[in-house]
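**Q** Below is a structure I'd like to ask you about.
The values are calculated or read from the model by the stated rules, or taken from the named source; none is laboratory data. Computed from a prediction, not measured in an experiment: that's the story for all the values here. Every residue, glycine among them, receives a Cβ derived from its backbone with ideal geometry; neighbour counts consider all protein chains shown. These area figures cover heavy atoms from the full protein model, side chains too; ligands, DNA and RNA do not enter into them. Shrake-Rupley method; radii C 1.70, N 1.55, O 1.52, S 1.80 Å.
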Amino acid sequence: MTTYSLITGSAGLLGRYHAEALLQLNLKVVLTDVDQGELDTTFKYLKKLYPSKKIITSILDVTSPESIKKTVNDLRKNNIIINNLINNAAIDTKVRKKKSKKNHKFENFSLDVWNEEIKVGLTGAMLCSQIIGGEMVKNKIKGNIVNIASDLSVIAPNQNIYKSKNNNFVKPVTYSVIKHGIVGLTKYLSTYWAEKNIKVNSLSPGSVLNNQPREFQVKIKKLIPMNRLAKKNEYMGAIKFLCSSDSDYMTGQNLVIDGGRSVW
Ligand SMILES: NC(=O)c1ccc[n+]([C@@H]2O[C@H](COP(=O)([O-])OP(=O)(O)OC[C@H]3O[C@@H](n4cnc5c(N)ncnc54)[C@H](O)[C@@H]3O)[C@@H](O)[C@H]2O)c1
């Protein structure tokens, strides 16, 4: 059996950087997502950068136990088992330059949106941990689960930074609930599997610079002691640390990397 590291929601903004971090550690990677087109683009991008490394893709919907099991079974048929799981998938409504289509005001927050976002961001991480982490335990392998949370797993959103003349964007309540929940899931599983050689930690990134409106950037920077947003590659070191033996004595923790925002 060969061990691979699996990332959910690999085709988004940060997924490819998590993959790069693992490839730089000489690990083999399974990129998964629901978006076939973006998954193919991510695969091609990484293969060009790391032509000799082992990278495979699989469509995996984190909300569906059948879909997760299908990936696990397909991998097993190819003698592959997972020893690092990065629960990264989310429905992440980002602040946009144009007027936001969704109204996230809490007073009329839709139950459908609540259910949909919790299902991906929180239930998805639970299901992947249950099925893929469960396999690690069954196979008695040393494993890691890294749950991607956010600086908003430890602080509340400051809604003032999202408001502008052209946009009525409100950071949705689901985001806070999911990210605090992810930390709860991390703590629960870290002690549940502490003696099974499975480390479970969260990584809480702060906002990544990604063409956000200038007004938003000016406002958020004032909340960050380092006075800047993160570069897209600034979480790679943390992924390497959490998925290697350098963090062998660390479990149940939430590694917050946010330019100091949550300290103020
Ligand atoms: N980008 C940031 O500034 C930032 C900051 C803090 C935390 N985070 C967290 O980091 C993680 C990655 O963020 P991102 O910016 O790359 O997000 P993103 O929206 O760019 O990517 C998320 C990916 O998840 C996939 N996805 C959606 N539903 C899915 C499902 N049912 N099953 C599988 N995949 C599904 C999407 O197709 C997408 O490729 C998220 O958990 C996010 O909350 C991001």
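**Q** Just to be sure before I move on: is Gly134 of a type in the set (Gly, Ala, Ser) and buried (at least 18 other Cβ atoms within 10 Å of the Cβ) in the structure I sent?
**A** Here the answer is no, as Gly134 does not meet what is asked.
**Q** Oh, and also: List every residue pair whose Cβ atoms sit under 7 Å apart, with the two residues 6 or more apart in sequence or on different chains, where the first one lies in the range 141-155 and is under 12 Å from Leu189 (Cα atoms) and within 12 Å of the ligand (Cβ to nearest atom) and the second, anywhere, is not in a loop (DSSP other than H, G, I, E, B) and not polar (S, T, N, Q).
**A** Val146/Ile86; Val146/Leu203; Val146/Ile239; Val146/Leu242; Asn147/Ala125; Asn147/Ile182; Asn147/Leu185
**Q** Something else about it: If the Cβ limit is 8 Å and pairs must be 6+ apart or interchain, which residue in the range 19-32 that is hydroxyl-bearing (Ser, Thr, Tyr) pairs with which residue that is open to solvent by 10 Å² or more (accessible area, probe 1.4 Å)?
**A** Thr32/Gly9; Thr32/Thr57; Thr32/Ser58; Thr32/Ile59
**Q** Here's something else I'd like to know. What are the residues in the range 105-140 that are within 19 Å of Pro157 (Cα to Cα), part of a helix (DSSP H, G or I) and in contact with a Pro (Cβ under 9 Å, 6 or more places away or on another chain), if any?
**A** Within the range 105-140, Phe106, Val113, Trp114, Glu117 qualify.
**Q** Scanning the range 21-43 for residues that are within 15 Å of the ligand (Cβ to nearest atom) and more than 17 Å from the chain's Cα centre (by Cα), which turns out farthest from Asn144 (Cα to Cα)?
**A** The selected residue is Gly37.
**Q** Residues in the range 149-187 that are open to solvent by less than 10 Å² (accessible area, probe 1.4 Å), outside any helix (DSSP H, G or I) and at pLDDT 95 or above: how many?
**A** The qualifying residues number 3.
**Q** Could you look through the range 98-128, keep only residues that are more than 19 Å from the chain's Cα centre (by Cα) and among the acidic types (Asp, Glu), and pick out the one that is nearest to the ligand (Cβ to nearest atom)?
**A** Asp112
**Q** Regarding Asp112, is this residue under 21 Å from Tyr235 (Cβ atoms) and either loosely packed, with under 14 Cβ neighbours inside 10 Å or charged (D, E, K, R) (or both)?
**A** No, not satisfied.
**Q** Next question, about the same structure. Failed condition for Thr32, given (1) open to solvent by less than 20 Å² (accessible area, probe 1.4 Å); (2) closer than 25 Å to Asp246 by Cα, with all others met?
**A** Here Thr32 clears every test but (2).
**Q** A further question follows. I'd like the full set of residues that are closer than 21 Å to Lys179 by Cβ, under 18 Å from the mean Cα position of the chain (by Cα) and among the basic types (Lys, Arg), limited to the range 232-264.
**A** Lys232
**Q** If I ask for residues that are under 10 Å from the mean Cα position of the chain (by Cα), more than 6 Å from the ligand (Cβ to nearest atom) and of a type in the set (Val, Ile, Thr), which ones from the range 1-18 would you list?
**A** Ile7 - this is the single residue of the range 1-18 that is under 10 Å from the mean Cα position of the chain (by Cα), more than 6 Å from the ligand (Cβ to nearest atom) and of a type in the set (Val, Ile, Thr).
**Q** Could you list, in sequence order, all residues of the range 129-140 that are small (Gly, Ala, Ser) and within 16 Å of the ligand (Cβ to nearest atom)?
**A** If the condition is that a residue be small (Gly, Ala, Ser) and within 16 Å of the ligand (Cβ to nearest atom), then Ser129 is the only one that fits.
**Q** Okay, moving on. Which condition from (1) open to solvent by 60 Å² or more (accessible area, probe 1.4 Å); (2) near the ligand (Cβ under 10 Å from one of its atoms); (3) among the acidic types (Asp, Glu) is the one that Glu215 breaks?
**A** Status for Glu215: all satisfied but (2).
**Q** Continuing with the same structure: Could you grab me the full set of residues in the range 246-264 that are open to solvent by 50 Å² or more (accessible area, probe 1.4 Å), over 22 Å from Leu25 (Cβ atoms) and part of a helix (DSSP H, G or I)?
**A** Val263
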